[in-house]
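Encoded as structure tokens, the structure appears first; notes follow it.
The values are calculated or read from the model by the stated rules, or taken from the named source; none is laboratory data. Note that the structure is a prediction, hence the values are computed from the model and not measured. Accessible surface is based on the protein model in full, side chains and every heavy atom, while ligands, DNA and RNA are left aside. Shrake-Rupley method; radii C 1.70, N 1.55, O 1.52, S 1.80 Å.
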Amino acid sequence: MNLVLSMILVGAPQARGLPSQRANRTGALYQCPITGEEWDCERVDIDEDVDLERESKENQWLGVTVKSQGVGGKVVACAHLYELRQRFRQPSETRDPIGRCYVLSEDLTVRDDLDGGEWKFCEGRPQGHEQFGFCQQGMAAGFTPDNSYILFGAPGTYHWKGEPGTELSAGGWNYT
């Protein structure tokens, strides 16, 4: 007999940061078994380290968006206020809230290349508020009904006109 434990995923955008993140509030994703216990949720091990010369995780709001394909499928968790830093500690330093999302396997890990791990579709594109610098990818995210695409909302692109981002997965995202 194969017993399946029911879980609920909880995004906590204001959760305290881990010491390795070097930030007070980063947000987090929690997995909670559906039981009568009061304190049995566990923080999911994603987004643990930081490179302060390239990024800031302070108030990134990880967990603002959490979507699942259901039992046996993929999970996406986003931090729309994740900041990309350029010219660190220089007078012209910039911090661009490009946002980012994590795509995880059903066991809430990055198990293979199809998971994709960390997604930042605005990184490497022209920055500044008039283009992709205030992208805020992950304010919304989800999967198409056939699970062939993952969708990312980015409301801060092009003077806050916004833009959807899509990524194709060969063979679909939900597979067993």
- Item | Along each principal axis, Cα extent of the range 5-89, largest first, Å | 49, 26, 16
- Message: Just to verify a number: what accessible area does residue 158 come out at with the full protein assembly present, 1.4 Å probe, Å² rounded to tens?
- Response: 90
- Query: In Å², what does the accessible area per residue of the range 1-120 work out to with a 1.4 Å probe?
  - Reply: 56
- Task: Would you check the accessible area of residue 159, probe 1.4 Å, heavy atoms only, in square angstrom rounded to 10?
- Result: 100
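With respect to the cross-link table entries 74/161; 57/120; 57/161, which display a Cα-Cα separation exceeding 19 Å?
74/161; 57/161, as the Cα separations exceed 19 Å there.
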- What percentage of the solvent-accessible surface of the range 1-87, computed with a 1.4 Å probe over protein heavy atoms, is contributed by carbon and sulfur atoms? 50
